[in-house]
Amino acid sequence: MKLAWGLLAAWIAHDLEELATMPSFSQQPDLPAPLTKVLPMSRSEAATAIGLTGVAIAAASAAGAATGGRSKFFQASLMGFGLHAGTHLAQSVVLRRYTPGLVTTPLVVIPFSLWAWHRLKAAGVPIAPTDRRLTIALAAIVPLSHAIARLPRLRRT
């Protein structure tokens, strides 16, 4: 199912923007104090975190393609991808500035997510019930990816 691979393509487009902007954004001296302690991220750390998350998105896309979009893992990942648009919009509103991923959120993330759900429903694909453990595991992927990416820095300090 091509739609499932569209998740990976949309994620790549979105995360290329994040990779291009996250390191410089994260090191801005005028960010609020709590962020200046947790955000500074080098380009290699950003690439590692994005790459680790990409492995999960690729696996979800493969699961979706193999099951015609019926995979709980694929559907939960698609839902998470769409819902995470809210975090990008909220971050920019709270900080009153551009934040990484803001441009592709309304241009890629939201339209692709809405289109994909519409296509799944039009194709008669049953929507899998929410699985709490799967949702928690998927929600942990991004923070874990960032933590793993920073391990070399933590070892140096």
Considering only DSSP states other than H, G, I, E and B, which chymotrypsin sites (Phe, Trp or Tyr not before Pro) in region 59-157 qualify as loop sites with at most 14 other Cβ atoms within 10 Å? Y98
Which order do you get for M22, M1 if you rank them by accessible area with a 1.4 Å probe, largest at the top? M1, M22
Helix 110-122: inclination vs the chain longest Cα principal axis, degrees, rounded to 10, gives 20
The chain, convex hull of Cα, quarter of hull surface, nm² -> 9.6
Given a 1.4 Å probe, the accessible area of region 1-111 per residue, as a whole number of Å², is 48
Can you tell me the 0 to 90 degree angle between the C-alpha axis of helix 85-95 and the longest principal axis of the chain, rounded to 10? 30
With all protein chains present, calculate the accessible area of W5 using a 1.4 Å probe and round the result to the nearest 10 Å². 120
In degrees from 0 to 90, rounded to the nearest 10, what is the angle of the helix 72-83 Cα long axis to the longest principal axis of the chain? 50
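The values are calculated or read from the model by the stated rules, or taken from the named source; none is laboratory data. Given the structure is predicted, the values throughout are model-derived calculations rather than measurements. Cβ coordinates were reconstructed from backbone atoms using ideal geometry, including for glycine residues, and neighbour counts include every protein chain displayed. Side chains included, ligands, DNA and RNA excluded: accessible areas come from the protein's heavy atoms. Shrake-Rupley method; radii C 1.70, N 1.55, O 1.52, S 1.80 Å.
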